[in-house]
Amino acid sequence: MKIFQFHQKRVGAGLVVAMALTLGIVTISAETLFGDRVVAKGKGIEVKFSQVEEAVIAFKASRVGAGERVSQELEQEAERTILERLVATQLLLQRATDADKKTGKAIGNKLIEESKSKVANELAFKRQLIVLGLTSAQFEAQIQEQSLVKAVIERELKPSHVITEEQVQKFYIDNPDAFQLPEQLRGSHILFSFKDPISKVDLSSEIVAMKKENAVKVLARAKGGEEFAKLAKEFSDDRSPDHPGGEYLFIRGQMPPEFDAAAFTLKPDQVSDLVMTRFGYHIIKLHERIAPKKSDLNGPMKEKIRDKLQQIAIQNDLPRLIESLKKDAQIIITLVEKK
């Protein structure tokens, strides 16, 4: 939601950093809060200066970590934005129902897993959090809190923004470039992962070396003409139920660069050499090249457009909801900007 975003594009320090800045509210201990001045208050709402200050520190740390300078003007802008976000978050959390809490928890768990999957390993994930001055527990608490906020916003505003079939059709017709698909490849792969499939912990160099030896043997069988799907079922660590036989439909840039470089040079029915990415060793077989074309306005596409239009409508209506809640709670802002 727009109100919870703060120069996300300008931060540019990775998904985890962006999410932490967008979604963060820092937990403050009672000792730290003692003696704090109140910078915003209302019915059931109280924001302390230390809450704003610590979030600003996290923002500045991420910018410095990205090699950027934080001017006084930008710091003051961050301070104002963070205070507004803290107030809005508290107001929305007050309205959370039991159903919202259940929905929010599911959203939060998914976001946390997606965040971790975007980095090479757990150590790299923790290093990104260190740059923000956060622990894993703090990061997860922030994600869960803002996921609950999202659930409340959608319950409050979705019923008022039902998207019609006519709106979907008009968006599709008015935005032809948005539905132009680039060249796609339909291919399969056999993965020899660098991680333990259960614990997700990085495997030792000795085990990785053994996996490579096995991958070389399987590669010879694949190039020798054995059924690729059968080999994938027997040897691949990619056990996704959505991709039986390791088969995927993908465009350039969707897979790791090393994977793309190999896959897009293959001819139909050709098997690649062994390809190493941060995920492991891959054996790739290309089945089909699909020429660029415009996406059909089918059921799934209609739902994607409907969801996009509804999210835009909710985002545009959110400031009105927040202002209404602030008025009802009689919010008073007492933060004084630094000279």
*If you take the residues in segment 30-82 that are surrounded by 19 or more Cβ atoms within 10 Å (Cβ to Cβ) and among the basic types (Lys, Arg), which one is modelled with the highest pLDDT?*
Lys48
*Within segment 286-311, how many residues turn out to be of a type in the set (Lys, Arg) and either more than 21 Å from the chain's Cα centre (by Cα) or within 30 Å of Gly224 (Cβ to Cβ) (or both)?*
4
*Considering only residues of segment 135-193 that are among the hydroxyl-bearing types (Ser, Thr, Tyr) and outside any loop (DSSP other than H, G, I, E, B), which is nearest to Gln310 (Cα to Cα)?*
Ser160
*asked:* So the check is Cβ under 8 Å with 6+ separation or different chains; which pairs have a first residue in segment 273-299 that's farther than 30 Å from Lys195 by Cα and outside the structural domain of Glu213 (by TED's automatic domain parsing) and a second one that's hydroxyl-bearing (Ser, Thr, Tyr) and surrounded by fewer than 20 Cβ atoms within 10 Å (Cβ to Cβ)?
replied: Leu297/Tyr172
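Yes/no per residue for (1) at pLDDT 95 or above; (2) over 22 Å from the mean Cα position of the chain (by Cα); (3) assigned to a helix (DSSP H, G or I):
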site	(1), (2), (3)
Ala209	yes, yes, yes
Glu213	yes, yes, yes
Val218	yes, yes, yes
Ala222	yes, yes, yes
Lys233	no, yes, yes
Gly245	no, yes, yes
Gly253	no, no, no
Ala261	yes, yes, yes
*asked:* Could you check segment 300-323 and list, in sequence order, the residues that are closer than 18 Å to Gly42 by Cβ and either touching a residue at least 60 places away in the same chain (Cβ under 8 Å) or loosely packed, with under 12 Cβ neighbours inside 10 Å (or both)?
replied: Pro319, Arg320, Leu321, Ile322
*Yes/no for Ser62 being within 28 Å of Ser193 (Cβ to Cβ), assigned to a helix (DSSP H, G or I), under 23 Å from the mean Cα position of the chain (by Cα) and in contact (Cβ under 8 Å) with a residue 40 or more places away in the chain*: no
_Options Ile314, Ile322, Ile283; residue that is modelled with pLDDT of 95 or more, within 22 Å of the chain's Cα centre (by Cα) and not in a loop (DSSP other than H, G, I, E, B)_ = Ile314
_Quick test for you: out of Leu129, Leu86, Leu123, pick the one residue that is at pLDDT 95 or above and among the hydrophobic types (A, V, I, L, M, F, W, C)._
Leu86
*Mind listing just one residue for me: the one in segment 166-207 that is within 26 Å of the chain's Cα centre (by Cα) and among the small types (Gly, Ala, Ser) and, of those, modelled with the lowest pLDDT?*
Ser199
*Restricting attention to segment 193-211, which residues are in contact (Cβ under 8 Å) with a residue 40 or more places away in the chain and within 20 Å of Val275 (Cβ to Cβ)?*
Ser193, Phe194, Lys195, Pro197, Asp202, Lys211
*Would you mind finding the one in Leu286, Leu274 that is crowded, with 17+ Cβ neighbours inside 10 Å and either closer than 30 Å to Ile153 by Cβ or among the hydrophobic types (A, V, I, L, M, F, W, C) (or both)?*
Leu286
*Could we say that Leu86 is assigned to a helix (DSSP H, G or I), surrounded by 18 or more Cβ atoms within 10 Å (Cβ to Cβ), in contact with a strand residue (DSSP E or B) (Cβ under 9 Å, 6 or more places away or on another chain) and not β-branched (Val, Ile, Thr) here?*
yes
*Within the bounds of segment 115-124, is there any residue that is out of contact with any Ser or Thr (no Cβ under 9 Å at 6 or more places or on another chain), buried (at least 18 other Cβ atoms within 10 Å of the Cβ), assigned to a helix (DSSP H, G or I) and hydrophobic (A, V, I, L, M, F, W, C)?*
no
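The values are calculated or read from the model by the stated rules, or taken from the named source; none is laboratory data. Computed from a predicted structure; not experimentally measured. Cβ atoms come from the backbone with ideal geometry, glycine included; neighbour counts cover every protein chain shown.
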